[in-house]
Protein chains: 2
Amino acid sequence: MDADEAVETIQREMTVFARRARASAGRMHPELSLVSYTLLGHLEESGGCRATDLAAHYALDKSTVSRQVAALERARLIERRLDADDHRVQVLHLTHAGREILAQVTDSRRAAFRERLEDWPAEDLERFASCLVRYNAWVRPDGANSSD
Amino acid sequence: MDADEAVETIQREMTVFARRARASAGRMHPELSLVSYTLLGHLEESGGCRATDLAAHYALDKSTVSRQVAALERARLIERRLDADDHRVQVLHLTHAGREILAQVTDSRRAAFRERLEDWPAEDLERFASCLVRYNAWVRPDGANSSD
DNA sequence: CCCTCTAGTTGTACAGTACAACTCGAAGGG
DNA sequence: CCCTTCGAGTTGTACTGTACAACTAGAGGG
């Protein structure tokens with residue numbers, strides 16, 4: 001396999017993966033879509049943030065985030081706390097239930113990945129991981145990237 | 001980085017990629033969604049096939065394929081030819097325009113991938129490619145996989 | 001000739017998304 | 001102190017991709 005073939009293969013396989021990913025994530029965890037999972041994860045990591053921050057960070061429209069947030073609140077996975085200083089702002093926090101579901105989905109996702117990768121030599125895992133990091137970290141020369 | 005960390009990283013980066021992929025593919029080629037592109041590509045490779053074959057191959061519902069096909073036909077990118085032997089069957093073929101658009105999108109996708117990967121050493125490209133192939137080729141032990 | 005199987009279409013529903021128009025509160029300049 | 005402008009969020013609307021269920025129409029075996 002030469003470099004050009006390798007690029008072709010990467011293209012093809014990334015396309016296959018992209019097409020499958022959401023649906024299979026959804027099948028794996030009907031209770032928490034990939035988007036909700038990501039947003040919940042961000043709230044966990046950040047320890048609470050504004051809807052606008054989520055929108056900016058994930059390059060989503062604020063209306064999209066607004067509705068996601070509304071759904072997550074309806075499901076009692078997050079709660080909104082009005083910012084005392086700026087009454088336009090709602091700071092989003094995980095509820096106990098949210099933290100639990102997130103942990104549970106994280107665990108089961110981790111288990112699925114471990115299972116899928118269990119036969120890989122450690123060396124290959126490390127290389128694959130660093131390739132993916134490098135691939136995702138790429139920024140378009142014109143700087144028009146959406147962030148993750 | 002040890003193996004467990006590597007698995008975590010792979011999980012995280014694949015998730016990031018999955019979330020971004022469709023949207024960015026759509027932005028890249030507003031004229032041909034990732035699904036349409038994939039279906040057109042399959043018709044090119046197979047030299048014409050039935051809607052049912054597409055549905056089976058990509059684990060899509062036949063109604064989904066039916067509507068995709070209808071849209072592609074409306075756009076004059078494919079045409080349906082009634083099978084002479086079995087009048088239930090429509091064999092789908094690329095039109096000239098379809099072949100052209102497909103080639104054009106394939107080229108521009110290829111260019112985008114090349115650009116994104118241009119600084120990678122050939123050795124890394126080959127390793128990344130084979131990791132992806134291996135990753136996507138995995139079949140769940142219970143055999144309940146959807147095909148690509 | 002009926003029964004059943006298969007290919008495909010259509011009705012309906014839902015998730016995720018964007019854009020545009022809106023409300024409400026904040027902040028700064030006359 | 002008002003007025004304009006800005007930022008955060010919500011809501012109306014629309015579109016895409018998707019699935020499931022109900023249907024039509026052709027094929028093929030008893």
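Quick look at the numbers
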{"read-out": "Label-point gap, in nm, between B:Arg80 and A:Thr64 - each point 7 angstrom along Cα→Cβ", "value": "3.3"}
{"read-out": "Other copies of A:Gly26: label-to-label distances in nm, shortest first, labels 7 Å along the beta-carbon direction", "value": "1.3"}
{"read-out": "Sites A:Glu115 and B:Glu45 - FRET efficiency at Förster radius 35 Å, r taken between beta-carbons, to 0.05", "value": "0.65"}
{"read-out": "Net charge of neighbours whose Cβ lies under 14 Å from the Cβ of A:Asp83, counting Lys and Arg as +1 and Asp and Glu as -1", "value": "0"}
{"read-out": "Sites A:Met1 and A:Ala122, calculated FRET efficiency, Cβ-Cβ separation with R0 30 Å, nearest 0.05", "value": "0.85"}
{"read-out": "Column: log10 I(q)/I(0), Debye, Cα scatterers of region B:57-114, q = 0.16, 0.21, 0.22, 0.26 Å⁻¹", "value": "-0.64, -0.92, -0.97, -1.07"}
{"read-out": "Selected from B:Ala97, B:Ala129, B:Ala70 as most flexible by GNM, with chain B as the system and alpha-carbon contacts under 10 Å", "value": "B:Ala129"}
{"read-out": "Gain in span if fully extended, B:Asp107 to B:Arg134, counting 0.36 nm per residue against the direct Cα distance", "value": "7.2 nm"}
{"read-out": "Teacher prompt: B:Arg134 distances to equivalent labels in other copies, 7 Å Cα→Cβ, nm", "value": "1.7"}
{"read-out": "Beta carbon of chain A nearest to the axis of the rotation taking A to B, residue and angstrom distance", "value": "A:Arg127, 3"}
{"read-out": "7 Å along Cα→Cβ, label-point gaps from A:Ser108 to other copies, nm, shortest first", "value": "4.0"}
{"read-out": "For region A:9-87, size of Cβ-based charge dipole, Lys and Arg +1, Asp and Glu -1, in debye", "value": "580"}
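Every number in this text was worked out from the coordinates using simple rules, so none of it is lab data. For clarity, every value in this text was computed on a predicted model and none was experimentally measured. Cβ atoms come from the backbone with ideal geometry, glycine included; neighbour counts cover every protein chain shown.
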